[in-house]
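Read through the structure below, which is laid out as structure tokens, and then see the notes.
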Amino acid sequence: MRYLPVFLDLQSGPVLLVGAGDLARAKLSLLTSAGARVRWYATDGNHDLGGIDAARIEIAQGDPLAADLAGVIAILCAGAGDIGVAMSARAKAAGLPVNVMDDLAHSTFIFPAIVDRGDVVVAVGTGGASPVVARRVRERIETVLPARIGDLAGFIGAFRKSINARIPEFALRRRFWERIIDGPIGALVLAGRKDEAAKALDEISDPSVFAGGEEGNARGHVTLVGAGPGDPDLLTVKALRALQDADIVFYDELVSAEVLDRARRDAARVPVGRRVGKPGIGQDAINKLLVEAARSGQRAVRLKGGDSFIFGRGGEEVDVLRNAGVSYSIIPGITAGLGAAAQFETPLTYRQEALRITFLTAHRAEDAEHVDWSVLTDRKMTVVVYMGMTAAPTIRDGMLAAGRSPRTPVGVFARVTRPDAKAAVGTLDQLPELVAQIDGGPAILIIGDVVAHSAPWRNFELNEVISNLLEAAE
């Protein structure tokens, strides 16, 4: 992020605008609609406002390069030509923010695409790279943001001091306003019924209790959240809300940085995961941290790659939380096997070909040695193996010894749904060699005829055809 979004107090002084034509008038319209006082130097001498309210506009005469900058809070150049570059140098020398339209090199700030809802303003920027992309994002936001969201912000602002004075604990204050915003009172404001909303808020006798507090203290809660296989856009809406509400997030190593960035900015982030061959803090220690966080009144999120209940030890954590009397909830995530299937077009079931699916884990060779491979020999069964890279030779040997065909299609799908995802496909007898091709994990192994329907397999077959043709030509 090169540009930090900030909001300029337009009541603190005038804005100096240098330029002419429609570009300058567009900036005049924007600035005056936001309540700014504008001192305008029209570089072509034409001061036609084109219907813009002149009440907040001062028409300036003379050379803008000699203008008095005392009290000016920012300088804008739009349609100013070469004067814009010179004004930029003067603004920088004076320590004033400056924007020269369509000239990033001479600007110290840029204009975002703006969604204006009164007290709620959303700014969308692309670092000046693509204003069209920013406008498209703004259009998306416009469609989902309630028309009266600014009224809701103003409503809360009117009551905030009086309510906060009655709730001593900061965490409870935040939860109080979250309940107001998400509940019936917020809905009344958004429906344009502010008087009814104010009456309902006044009738709350104990704000701390309303916020979910016990004897003035916040009530803790633990949410087990499936983070999915890596792509942050695969988070559920419910998972995103939990991350935004969390006071503390306990996350595994497999949770991508992009997913973790969706958590509330001031939430504490505690790594508790481990990778194969590296020590971790242990499940007992994780369980203790979750219970302690809830008992201290925090809203904790246990964030796991994939889904908590598919080789994520979520069941064990739920048992601990239940036995400790801790409030908890569970939000499922897209497991890596499904992420691999979708990204690489590998149907885990296929009519008349694959009628059953088995999920298993084998992150160590000794785990794989204890699998009863004889139950996995059915050709119409797809086998999805988690954490199977290290045990790939044992998996291959076990399935072959049990009778599964060495020509069974297999796929090794690494870092699924992430930008560096990679696939290697071949046959069961080649499994260890395929694992070596994907440049490290995490990886999912999919074993079964369905792999022959995958996109990588189609490329694999095409490459074989080309190779055979080349050999024949020699």
Flagged in the range 273-290 as at pLDDT below 90 and either β-branched (Val, Ile, Thr) or within 28 Å of ARG175 (Cα to Cα) (or both), in numbering order, are VAL276, ILE281
Any residue in the range 274-303 that is over 24 Å from LEU240 (Cα atoms) sitting within a Cβ distance under 6 Å of a residue that is open to solvent by 20 Å² or more (accessible area, probe 1.4 Å) and at pLDDT 85 or above? List the pairs, counting only those 6 or more apart or interchain. ARG275/GLU253
If you go through the range 195-205 one residue at a time, do you hit one that is open to solvent by less than 60 Å² (accessible area, probe 1.4 Å) and closer than 23 Å to ALA267 by Cα? no
On the given criteria, is ILE334 within 30 Å of ASP245 (Cα to Cα), of a type in the set (A, V, I, L, M), assigned to a loop (DSSP other than H, G, I, E, B) and in contact with a helix residue (DSSP H, G or I) (Cβ under 9 Å, 6 or more places away or on another chain)? yes
By residue number, the members of the range 348-371 that are in a loop (DSSP other than H, G, I, E, B), at pLDDT 90 or above and surrounded by 16 or more Cβ atoms within 10 Å (Cβ to Cβ) are LEU348
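Residue-by-condition table, conditions (1) touching a helix residue (DSSP H, G or I) at 6+ places or on another chain (Cβ under 7 Å); (2) assigned to a loop (DSSP other than H, G, I, E, B); (3) open to solvent by less than 70 Å² (accessible area, probe 1.4 Å); (4) not basic (Lys, Arg):
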site: GLY273; (1), (2), (3), (4): no, yes, yes, yes
site: ASP284; (1), (2), (3), (4): no, no, no, yes
site: ALA294; (1), (2), (3), (4): no, no, yes, yes
site: LEU303; (1), (2), (3), (4): no, no, yes, yes
site: GLY315; (1), (2), (3), (4): no, no, yes, yes
site: SER329; (1), (2), (3), (4): no, no, yes, yes
site: ALA340; (1), (2), (3), (4): no, no, yes, yes
site: GLU345; (1), (2), (3), (4): yes, yes, no, yes
Run ALA147 past the list (1) surrounded by 14 or more Cβ atoms within 10 Å (Cβ to Cβ); (2) touching a strand residue (DSSP E or B) at 6+ places or on another chain (Cβ under 8 Å); (3) of a type in the set (Gly, Ala, Ser) and report the number of the one that doesn't hold. (1)
Among the numbered conditions (1) farther than 26 Å from GLY230 by Cα; (2) at pLDDT 90 or above, tell me where SER374 comes up short. (2)
What are the residues in the range 86-108 that are surrounded by fewer than 15 Cβ atoms within 10 Å (Cβ to Cβ) and hydrophobic (A, V, I, L, M, F, W, C), if any? ALA89, ALA93, ALA94, LEU104, ALA105
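The values are calculated or read from the model by the stated rules, or taken from the named source; none is laboratory data. In this text, all values refer to a predicted model and were calculated from it rather than measured experimentally. Every residue, glycine among them, receives a Cβ derived from its backbone with ideal geometry; neighbour counts consider all protein chains shown. Protein only, heavy atoms only, side chains kept; ligands, DNA and RNA dropped before computing areas. Shrake-Rupley method; radii C 1.70, N 1.55, O 1.52, S 1.80 Å.
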